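Take a look at the structure set out below.
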Amino acid sequence: MTDHDDEDHYPPKPRWIGWAIAIFMVAAALGVANIGWRIMMVSPAEKAAEALVQQHPELVAGKKLVETSDCMRCHGWDRGYVGPAFVAIAERYRGQPDAEAYLARKIREGSVGAWGKVIMPRQSQVDEAQSLQIARWLLAAEPVAK
């Protein structure tokens, strides 16, 4: 052996590190697969929204407008995120004679204080006809059957 041979200067590498890395990688892969599976599953809320338009085909346009706009960032079907849930909005306004026009105006112009301190920003990209379609779809929302 020569003085430059480095193999004698380093202790042997423990095998458990390799096993720990392998187990960690398998656990990470399973976690990613689980998240992917959950993302691909259709939620009860999505099923309820689809069932609604199956029963009322005239509401398809409103549903598509909601799905392609920013509505879903703040509102869920039966769960409120930043703003109230669609079902809660429907339950509050469904019985009012001017509910459709009222909600359509709130969509276009925005609102403050109707649901606490939450601010509903105006949706200036939505015209009057579109906001009425969204309001019709919204007022037909029903809670998810459990």
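Points to keep in mind about this one:
- Relative contact order [Cα under 8 Å, 6+ residues apart], region 23-114, whole percent: 12
- Mean-position separation - Cα centroids, region 65-119 and region 23-63, in angstrom: 22
- Of the residues Pro11, Pro121, Pro97, the one that moves most in a GNM of the chain with alpha-carbon contacts below 10 Å is Pro11.
- Per residue, the chain reaches -17500 deg cm²/dmol at 222 nm when only DSSP H runs of four or more residues are counted, each adding -39500 (n - 2.57).
- Rounded if a/c under 1.5, otherwise prolate or oblate - the chain, Cα gyration tensor axes: prolate
- For region 67-146, the square roots of the Cα gyration tensor eigenvalues, ordered a ≥ b ≥ c, give a/c below 1.5, which places it in the rounded category.
- Within-15-Å neighbourhood charge of Val126 [Cβ basis; K, R +1; D, E -1]: +2
- Accessible solvent surface per residue of the chain, calculated while the other protein chains remain in place, 1.4 angstrom probe, Å²: 74
- Order by protection proxy (mean Cβ within 10 Å, highest first), peptides 20-32, 72-84: 72-84, 20-32
- Cα-based shape type of region 93-134, given that a ≥ b ≥ c are square roots of the gyration tensor eigenvalues and the cut on a/c is 1.5: oblate
- Nitroxide proxy distance, nm - points 7 Å out along Cα→Cβ at Asp98 and Gln54: 3.7
- Shown for region 1-130: the carbon plus sulfur share of the solvent-accessible area, taken with all protein chains present and a 1.4 angstrom probe, equals 61%.
The values are calculated or read from the model by the stated rules, or taken from the named source; none is laboratory data. Everything numeric here is computed off the predicted structure, so don't read it as measured data. Quick reminder, even Gly has a Cβ in these numbers, built from the backbone with ideal geometry, and neighbours come from all protein chains shown. Heavy atoms of the whole protein, side chains included, go into the accessibility calculation; ligands, DNA and RNA do not. Shrake-Rupley method; radii C 1.70, N 1.55, O 1.52, S 1.80 Å.
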